[in-house]
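> Take a look at this one; I'll ask things after.
The values are calculated or read from the model by the stated rules, or taken from the named source; none is laboratory data. Since the structure is predicted, the reported quantities are computational estimates derived from the model, not experimental observations. Here the Cβ is made from the backbone with ideal geometry for all residues, glycine too, and neighbour counts use every protein chain on show. Heavy atoms of the whole protein, side chains included, go into the accessibility calculation; ligands, DNA and RNA do not. Shrake-Rupley method; radii C 1.70, N 1.55, O 1.52, S 1.80 Å.
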Amino acid sequence: NKFDEAEKLMEKVNQKMPNSVWSLNGLGVVHLNQGKYDLAIKELELAFEKAKNLTEADYRMAYPGNDPKFAKDRIEDIKSGIAFNLALAYEKSGNLTKALEWYNVTKGLIENRTNVLVAEGINKESLVAKINQIYAKNENK
């Protein structure tokens with residue numbers, strides 16, 4: 001299966017770049033897609049903590065060909081993408097309270113921005129709809 005192959009590859013990347021935001025997020029996404037939610041959450045939470053300290057110099061080193069004037073926005077995209085991945089992982093694990101918390105973190109990170117690259121199809125409106133859907137699920141428990 002492709003996710004098993006991706007897991008092996010991302011584990012190698014994480015060995016070469018231990019605890020990097022990018023390798024932790026990648027590994028977390030693989031584990032999310034494999035249904036290994038506890039592992040995904042652990043990796044994604046660590047990635048988010050590390051992303052809080054990303055600098056523009058870190059971004060330029062990771063993406064040397066990209067225009068440095070967009071570094072600040074792209075760092076925010078990285079944070080919001082990881083927060084969104086965490087929300088999905090918590091939702092799929094059945095922890096709707098934590099899912100809502102992370103959906104709201106994601107919403108807060110993109111709320112006042114115009115040039116946002118969270119994930120294809122994710123915008124403020126769809127995020128608010130998703131949050132409302134989870135609130136409704138939570139109320140029906």
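> For residues that are modelled with pLDDT of 90 or more and open to solvent by less than 50 Å² (accessible area, probe 1.4 Å), scanning just region 94-104, find the one that is nearest to Glu56 (Cα to Cα).
Per the stated criteria, the residue is Trp102.
> Determine, yes or no, whether Asn19 is open to solvent by 60 Å² or more (accessible area, probe 1.4 Å) and either assigned to a loop (DSSP other than H, G, I, E, B) or farther than 24 Å from Asn104 by Cβ (or both).
Numbers: open to solvent by 60 Å² or more (accessible area, probe 1.4 Å): yes; either assigned to a loop (DSSP other than H, G, I, E, B) or farther than 24 Å from Asn104 by Cβ (or both): yes.
In short, yes.
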